[in-house]
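All of the numbers you see were taken from the coordinates with simple rules; none came from a lab. Keep in mind the model is a prediction, meaning the values are calculated, not measured. Neighbour counts run over all protein chains shown; Cβ positions are idealised from the backbone, glycine included.
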Amino acid sequence: MSRAADLRLETIDLTQDGRVLTARAVAPPLNFVTTEFVRDLDRLTATVDTDDTVGAVVLTGGLPGRFLTHADPSALTGMIELPHPFVPARVAAPLLRAASAALRIPGATAAVERFGGGLGVGLVWGHRWKRTTLRMNRSHAVYLAAINGPALGGGHEIALACDLRYAADAEHVKLGQIETMANLIPGGGGTQRLTRLLGAAAALEVTLEGAPLSVAEAHRLGLLHRVVAEDQLLAEAQATAARLAARNPVVVAELKRAVYFGTDTRLSRGLDREQAGFVSVGTTAAAARTTRAFFDDLARLGDTPFLADPKPWLDGTRVDQVSR
């Protein structure tokens with residue numbers, strides 16, 4: 001049996017103390033959720049599922065003041081800027097289901113990622129993302145996010161896939177789904193998980209506005225389980241993880257599966273519908289314009305504009321988001 005702590009990953013540093021595995025995301029300079037990070041998290045979660053020495057995983061940022069800022073825009077550019085027509089969600093949905101089935105064939109993900117160009121990278125990324133987060137929800141291990149920096153867009157979706165979320169009580173920590181500012185919708189579970197956590201009304205407000213939430217706002221809404229002094233965040237998260245790691249792993253797995261998958265609407269099916277919508281809006285001309293504007297601002301500001309200069313994006317004045 002391989003031990004998760006022995007994995008050598010490109011973007012995640014691992015340490016184990018007792019039954020608690022601490023995973024620090026390290027993707028400099030801005031700790032975006034890159035294709036490499038998703039690949040590493042896929043490997044990590046799969047190994048945790050076969051490692052009976054791990055009862056809990058604490059996921060945190062390994063760069064100062066950074067958790068998982070948001071999805072790496074470079075990973076999306078290849079798909080968004082391809083010369084293809086607008087694809088309605090009702091067309092994208094069956095295509096994505098077929099692609100997902102094909103990617104389950106041994107060796108298919110590596111081949112598509114290597115030879116499929118930007119679209120292939122995007123398909124594999126989405127397939128791995130869904131597989132990984134659902135695996136976290138079925139796992140015998142408790143996943144706890146110790147949010148020490150911005151968790152926006154895809155970074156927020158990774159945090160939402162964790163069972164518990166602790167955040168540092170600090171001004172630089174922001175949370176939320178920012179995709180509407182980028183002419184997109186969430187594609188990694190944001191709509192589905194927010195609706196289950198907050199209800200439809202609050203989920204719609206958070207996703208339509210797209211504004212980053214302060215820690216206090218996120219806690220008030222119910223997105224966070226605990227707010228902790230910044231210098232105590234990791235220690236408190238690890239202490240909770242150690243306590244929960246002592247639970248019977250069969251009990252933990254069955255409890256999580258009942259909570260996540262016992263509702264009327266299957267989470268897996270809802271994630272499929274969300275990904276189809278994400279692909280659909282990503283094929284608009286407005287999405288391509290927005291991507292170019294984002295990279296212009298990123299180069300000018302040295303950080304994601306959704307943190308460094310969000311107002312014109314929130315106001316909808318930075319890019320024409322309406323014209324197709």
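Where does the chain land at 222 nm, in deg cm²/dmol rounded to the nearest 500, when only DSSP H runs of n ≥ 4 count, each adding -39500 (n - 2.57), divided by all residues?
On the way: 15 runs with 169 residues, N = 324.
Roughly -16000 deg cm²/dmol at 222 nm, from the helical runs in the chain.
Alpha-carbon geometry of region 247-315: the Rg and the Dmax are 19.6, 51 Å, given in that order.
When Rg and the Kirkwood radius Rh are both evaluated on Cα atoms of region 220-281, their ratio Rg/Rh stands at 1.12.
Provide the packing ranking of 268-277, 54-63, i.e. peptides ordered by the mean count of other C-beta atoms within 10 Å per residue, highest first. Before the final figure, lay out the partial values.
Values: 268-277: 18.6, 54-63: 24.0.
Most protected by this proxy first, the peptides run 54-63, 268-277.
Relative to the longest principal axis of the chain, what angle (0 to 90°, nearest 10) does the C-alpha long axis of helix 267-282 take? Value to nearest ten degrees: 30. Over region 4-243, all Cα pairs binned in 10 Å intervals from 0 give whole-percent P(r) values of 8, 32, 37, 19, 4, 0, listed from short to long.
When only alpha carbons are used to place a centre, region 1-79 and region 196-241 end up 20 Å from one another. Taking the DSSP bridge list for the chain and keeping only pairs wholly inside it, about 25 percent are antiparallel. Using alpha carbons only, how many degrees (0 to 90, rounded to 10) separate the axis of helix 249-261 from the longest principal axis of the chain? With rounding to tens, the tilt is 30 degrees. Extension gain for Glu217 to Arg292 (0.36 nm times residue separation, less C-alpha to C-alpha distance): 23.9 nm.
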